[in-house]
Amino acid sequence: MRAAGRPAAPSAGRGLIPIRTLRFLLGDQLTRRIATLTDLDPDHDVVLMVEVRAEATYVRHHKQKIAFLFSAMRHFAAELEAEGIAVDYVRLDAPGNTGSFTGELARAVARHAVDRVVVTEPGEWRVWEMMQGWRADLGPPVEIRDDNRFLCPRADFAAWAGDRRSLRMETFYRGMRRRTGLLMEGSEPTGGRWNFDPENRKGLPKGHVVPERVGFPPDAVTVEVIALVEHAFADHFGETDAFAWPVTRAEAITAFKHFLAVGLPTFGDYQDAMRADAPFLYHALIAPALNAGLLTPEEVCRAAERAYRAGAAPLHCVEGFIRQILGWREYVRGLYWARMPDYAASNALAATRDLPWFYWSGETAMNCLAQCIGATRTHAYAHHIQRLMVTGNFALLAGIAPAQVEEWYLVVYADAYEWVELPNVHGMVLWADGGVTGSKPYAASGAYINRMSDYCRGCAYDVAKKSGPSACPFNYLYWNFLIRHAERLADNPRLAMPYRTLARMDPTKRAAILDDAARFLDGLDAAPSAAPADQGSLALAAPRSDPARRPARDTATTASRRKG
Ligand code: FAD
Ligand code: DLZ
Ligand code: SF4
């Protein structure tokens, strides 16, 4: 990669000479088909790509996420150059790198005598606001194009959502099936049903052998980038030893083909299952590649449908997979843009507790949390149910402040971008939006985790016990949650059953629940690993909270990171 060396097109005689356009490509827009590049003129245009400190530190991303993106950016730039396109690529350690999108864009405009700048809308509100500043202050005109990777344009979602207070994914999803024709027979859904979710909730049978992940050991570019990241972002969360993400489109296609052959035929069955020694199960592991542009949502949905039509995967698995992308992924993206910036500010359940230290260290006696957080540190990955029903469920039940939980989710996953993270965390997990995204909070006791995983067998706590120091904390925290929020939730028809049970509950039992929860939550603040009281030997080493070891926040606080 090089700074583009061709002379700028003369600005005189514009009627004859094509305008020189600076095409600013963000790190999560790595596809040749992105709107920024569609009308690129290789003879006159320059593509700008920049590695900047501010993007890696507005929250201190997992080291693997930064390494993945820098490596993917460098590979993509090399592919463009191989096509004969001029790429002005600014590395993180390049002399004079100002460290921000705005600073690097301004320097590039000065370098190239640019007539106009073309960019595609970003994935985060913070950067959208930055772009408005470019339009006002940069000098040359800045054209911001719609992100053509998504199947539902922002404007169409906004028109569908209107100003309704609550939106439902299922209704949106059916509209998207009709719109795209995916899994449709004329106007009817293939198989006569829109949704096969009930078939997609099996636990893993004992001894079930799961397929290997198809991994991509770091090549020379990734090795160089990992060294840079370990040096420049040494205090960030996470490890890089197990890095195996695809960093080019070719690798992403290989990974996806492996999923089609090996994962998809069983994807639906065990979609919600969890097992301590199998962090990936039948999941596709494509979110980092999809979100960065190495794969497109449409192509993966069409390929999955083809697998069904060829008899290579059953309908309930294919529908389950397509629903995640055509349904959930498009839905959360639409919702993010339709409701931001106000969306992030609500706190419907008035949750204010600090995020416990163990979310960073993994040091807790609760085995389910220790396993999910441990895998997250190692792989920058946890699958959906681990995010929703383990780390998310605990944050909901413990009443942790939404902004702190959201920051954690944005930091720790290789696929994390605010457009997808925020609605999932703020809406789905924490119900902080008061029901815009989901009709009820996904609160669950230890029984759910026990049914769907093998975590409880290796846990210091007893999932069968409802109260007392050795009882599974999820059990009493669940009832404590329902009691605390009865005023807000008791009338919710989808929670009628647990509230009926609560109404019948013996007052002594109810008091014991409240006591256990108070004891546990008080201990959580003081010693976040929360080992069973006075049973130190049971706990997985429980160092007290050490703020110095926390991946320190940058000067951008969670509130200000949304502001650009
Ligand atoms: P698979 O399980 O194989 O699913 C296939 C694809 O479906 C995923 O790659 C993803 O693109 C899409 N998908 C599935 N569920 C969702 C969903 N709820 N929302 C949007 N897309 C979905 N996904 C992200 O890409 N980035 C995030 O920052 C993110 N944060 C999340 C936070 C929470 C609390 C929860 C509950 C979910 C979050 N998800 C996020 C969604 C989902 O967990 C991940 O997309 C998925 O785990 C990625 O792994 P995979 O590629 O193996 O997915
Ligand atoms: C996530 C990220 C990181 C860590 N670094 C860069 C970078 O150096 N250069 C870049 O162009 N993009 C980076 N990104 C992705 C951006 O944060 C992303 O484009 C915005 O959040 C908008 O979605
Ligand atoms: Fe988690 Fe409770 Fe099971 Fe332990 S017993 S693994 S805390 S659900």
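Read-outs throughout are calculated quantities, based only on the coordinates presented, and are distinct from any laboratory measurement. Nothing here was measured: the structure is a model prediction, and the numbers come from that model. Note that we place each Cβ from the backbone using ideal geometry, even for glycine, and neighbour counts take in every protein chain shown.
Structure values in brief
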| item | result |
| --- | --- |
| Charge dipole (the chain, unit charges on Cβ, about Cα centre) - positive-most of Gly133, Ala345, Leu514 | Leu514 |
| Residues with amide H under 5 Å from that of Arg145, placed H, sequence gap 5 or more | Val119, Thr120, Glu121 |
| Backbone HN-Hα couplings from phi across region 371-388 [Karplus 6.51/-1.76/1.60, Hz, Gly and Pro as x] | 5, 5, 6, x, 5, 5, 4, 6, 10, 6, 8, 8, 7, 3, 6, 5, 5, 7 |
| Karplus-derived 3J(HN,Hα), 6.51/-1.76/1.60, for each residue of region 255-262, Hz, glycine and proline x | 4, 5, 5, 4, 4, 4, 7, 10 |
| Candidate lysines - alpha carbon under 16 Å from Lys465, same-chain residues fewer than 8 apart omitted | Lys509 |
| Antiparallel bridges, percent of DSSP beta bridges restricted to the chain (to nearest 5) | 15 |
| Square roots of 5 times each gyration tensor eigenvalue, C-alpha, the chain, largest first, Å | 42, 27, 23 |
| Proximal lysines to Lys63, defined as alpha-carbon separation beneath 29 angstrom and excluding residues fewer than eight positions away on the same chain | Lys257, Lys563 |
| Charge dipole of the chain about the Cα centre (unit charges at C-beta), most positive-ward option of Ala304, Ala252, Asn97 | Ala304 |
| Net lengthening on full extension, Glu185/Asp277 (0.36 nm per residue, minus Cα-Cα) | 29.1 nm |
| Rg/Rh (Cα only; Kirkwood hydrodynamic radius) as it applies to region 182-260 | 1.17 |
| Cα gyration tensor category, rounded, prolate or oblate, for region 43-107 with a/c compared to 1.5 | oblate |
| FRET efficiency, Asp506 to Lys206 (Cβ-Cβ, R0 35 Å, nearest 0.05) | 0.45 |
| Dipole magnitude (debye, nearest 20) for the chain, charges at Cβ of Lys, Arg, Asp, Glu | 1180 |
| Within the chain, helix-based [θ] at 222 nm, where runs of 4 or more DSSP H residues each add -39,500 (n - 2.57), nearest 500 | -11500 deg cm²/dmol |
| Ala136 versus Tyr442: modelled label distance in nm, points set 7 Å from Cα along the beta carbon direction | 3.8 |
| Per-peptide average of other Cβ atoms within 10 Å, ordering 170-182, 286-298, 440-452 highest first | 286-298, 440-452, 170-182 |
| Separation between Cα centres of region 43-109 and region 246-290, rounded to whole Å | 28 |
| Residue (of Ile34, Val46, His62) at the positive-pole extreme of region 19-74, dipole from beta-carbon charges | His62 |
| Charge dipole (debye, nearest 20) of region 445-527; +1 at Cβ of Lys and Arg, -1 at Cβ of Asp and Glu | 340 |
| Virtual spin-label span in nm between Ala486 and His384, 7 Å along Cα→Cβ | 3.4 |
| Calculated diffusion of region 406-473, Stokes-Einstein form, Kirkwood radius summed over Cα pairs, 20 °C and 1.002 mPa s, µm²/s | 152 |
